[in-house]
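Structure record follows, encoded as structure tokens.
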Amino acid sequence: MNINERSEYMDIFYEQFLTKDYEFKRKKVESAKQALLILTLLNMIFLGKIIAILTFLVYVILSIIARNKFIEFEYELTGSELIVSKIFNKKNRKIVANININDVIKIKSSNSYINEDIKIINLTLSGIKTKKLTENILIVRVNDSNSIGYKLAMDKNLQKMCEKINPMIFKHDLDILK
């Protein structure tokens, strides 16, 4: 990307947050974890190390389950880069994809797309049904012979921003999908 292309897209910025309503379940799990820590301490004082260790193991297992259960995604479009972050239990954030919108070569509907040659990375939550989001698969060229697909749930604003960056692909393919 040269300097002119870089300055052309610098004013484009958009964030989209993808979540479910986990709050009630998450609070219950956090309360259970705190209770297990207190129980571990009490077991250590009154019942012995072995029971305290077992109680602490239950705490660790519950923590691992909670970390993998309460997942959210954030899509951040800065310039021509779409950065996808995976958020675990509202605490830890990990960048899972960095997609250059100019490298997108095709957009397909997630319902109708079947191709065994291209690996699809799911960057959306299952069970989100809303008219405001559209699940699409962005096919991105990695090198001359390889491509990779990213399954995203994009809202209309994010689609329009991407269309400004790569109008040939986004306008054409999204019009076909409507």
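Readers should treat all values here as calculations from the given coordinates under stated rules, not as data from a laboratory. In this text, all values refer to a predicted model and were calculated from it rather than measured experimentally. Using ideal geometry, Cβ is built from the backbone for each residue, glycine included, and neighbour counts are taken over all protein chains shown.
What to note about this one:
- Given R0 = 35 Å, the distance between the Cβ atoms of L62 and N157 translates into a calculated FRET efficiency of 0.40.
- Above-threshold pairs, the threshold being 28 Å between Cα atoms, out of K69/K164; K132/K164; K25/K156; K91/K151; K28/K86; K108/K164: K69/K164; K25/K156
- Förster-model FRET efficiency, 22 Å R0, F17 and K171, C-beta, rounded to 0.05: 0.30
- Remark: M168, M154, M44 ranked as M168, M44, M154, counting other beta-carbon atoms within 10 Å and listing the fewest first.
- Derived scalar couplings ³J(HN,Hα) [region 67-84; Karplus, 6.51 cos²θ - 1.76 cosθ + 1.60; whole Hz; x for Gly, Pro]: 4, 8, 8, 9, 10, 9, 10, 10, 9, 10, 9, 10, x, 10, 9, 9, 9, 10
- For region 13-23, Karplus couplings with θ = phi - 60° (6.51, -1.76, 1.60), whole Hz, Gly/Pro x: 8, 7, 10, 10, 10, 10, 8, 10, 8, 9, 3
- Projecting label points 7 angstrom from Cα along Cα→Cβ for D103 and I83 puts them 1.6 nm apart.
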